[in-house]
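Just below is one structure, and these are the notes that go with it.
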Amino acid sequence: MRLKIIGRLLFGKNLWALIILVILVLSLGASLSSAFIGTFIRYSKLNESEEGKKERIILTKEVGIFNTLLNAPVRFSDEEISRIRESEHFEDVGKIIPSMYRVEARLDINFGLRTSLFLESIENEYLESKFSGFSWSPNEKTIPLIVSSEFVDLYNFGFSMAMGFPQINPGNIENIPIELSLSGKKGRTFKAKVVGTTTRVQSILVPSEFMNWANRELAGKEAVEPSRLIVTLNEEKEGLPEYLLENRWKANQDSLGVDKLRVLGKWVLMIISGFCLLFSLVV
């Protein structure tokens, strides 16, 4: 009753309008908070890895006009990798090594499909735990492959429909016979088998042991600088987009969206808290 009398003295006939406004603001605040929290949780789950809930992103460099004109592929130097390792934004760095030889694949799935490919490799610790035994030795005649699930989708819902080829069931992709013809300073032909799909790296991956052997034996390269990096982020990621922009590095945008969402959420919660505090003092 006292609050009602005081309210009328302060606001007169506008008391009910003020009460309605308070209810609307509180409802809006609750809705925004719920939406933010729910979205943030979904983003966090999408970007967490299986092991230790660590978030990883793929780091690349900008391709400039001179890289195109001079046919000079972008690479990460040892100095740049050292700087990334020392940065407060990252915990560790994994190298994604490209093949320096030509690759042609033949897939036998009710028709003869030949296509040029590329291969890459990363250390096993950056793969999903189901690929812990991913390896190769020189006496093996079959190369294990890990294919990006995005590539399978692109084939199934784009390429196969345009060319009239049959779609591939991801669960049966391991049963498709593949033959790889590799050529560089030398040439070799191998049988290959897809051992699974990954959502972590958009690539066609071979074991590091095979990549090092093939780059050395087929391309004469003892060491190859990585074209991309897979990096583990520290928990505190504020300022990461600015850091990447300053160094002209790029990362997959979904992961960086978590950082932007976190900053936006702080502002939303601060504004809501301010409104609630203001109205609690007035009413």
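The values are calculated or read from the model by the stated rules, or taken from the named source; none is laboratory data. The shown structure was predicted, so the numbers you read here are calculated from the model rather than taken from an experiment. Here the Cβ positions follow ideal geometry from the backbone for every residue, glycine too, while neighbour counts run over all protein chains shown. With ligands, DNA and RNA removed, areas are computed over all heavy atoms of the protein, side chains included. Shrake-Rupley method; radii C 1.70, N 1.55, O 1.52, S 1.80 Å.
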Notebook entry, point to check: If we scan the stretch 232-240, do we find a residue that is part of a helix (DSSP H, G or I) and out of contact with any Gly (no Cβ under 6 Å at 6 or more places or on another chain)?
Noted result: yes
Checklist line | Residue that is farthest from Arg75 (Cα to Cα), among those in the stretch 149-170 that are of a type in the set (Phe, Trp, Tyr) and either in contact (Cβ under 8 Å) with a residue 40 or more places away in the chain or touching a Lys or Arg at 6+ places or on another chain (Cβ under 8 Å) (or both) | finding: Phe165
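Residue-wise test of (1) part of a helix (DSSP H, G or I); (2) within 30 Å of Glu235 (Cβ to Cβ).
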| residue | (1), (2) |
| --- | --- |
| Ala72 | no, no |
| Arg83 | yes, yes |
| Glu88 | no, yes |
| Glu91 | no, yes |
| Lys95 | no, yes |
| Met100 | no, no |
| Arg114 | no, no |
| Gly133 | no, no |
| Ser137 | no, no |
Next item on the list: Just give me the residues in the stretch 156-199 being open to solvent by less than 80 Å² (accessible area, probe 1.4 Å), of a type in the set (Val, Ile, Thr) and outside any helix (DSSP H, G or I), in sequence order.
Entry: Ile168, Ile176, Ile178, Val194, Val195, Thr197, Thr198
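Taking the condition touching a residue at least 60 places away in the same chain (Cβ under 8 Å) and touching a strand residue (DSSP E or B) at 6+ places or on another chain (Cβ under 6 Å), does Glu88 pass?
Working: touching a residue at least 60 places away in the same chain (Cβ under 8 Å): yes; touching a strand residue (DSSP E or B) at 6+ places or on another chain (Cβ under 6 Å): no.
The answer is no for Glu88.
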Check: Within the stretch 122-148, how many residues are hydroxyl-bearing (Ser, Thr, Tyr), within 25 Å of Ser181 (Cβ to Cβ) and free of Cβ contacts under 8 Å to residues at least 60 places away in the same chain?
Finding: 2
Notebook entry, point to check: For Pro226, all conditions in the list (1) assigned to a loop (DSSP other than H, G, I, E, B); (2) surrounded by fewer than 18 Cβ atoms within 10 Å (Cβ to Cβ); (3) over 15 Å from the mean Cα position of the chain (by Cα) hold save one; what is the number of the exception?
Noted result: (2)
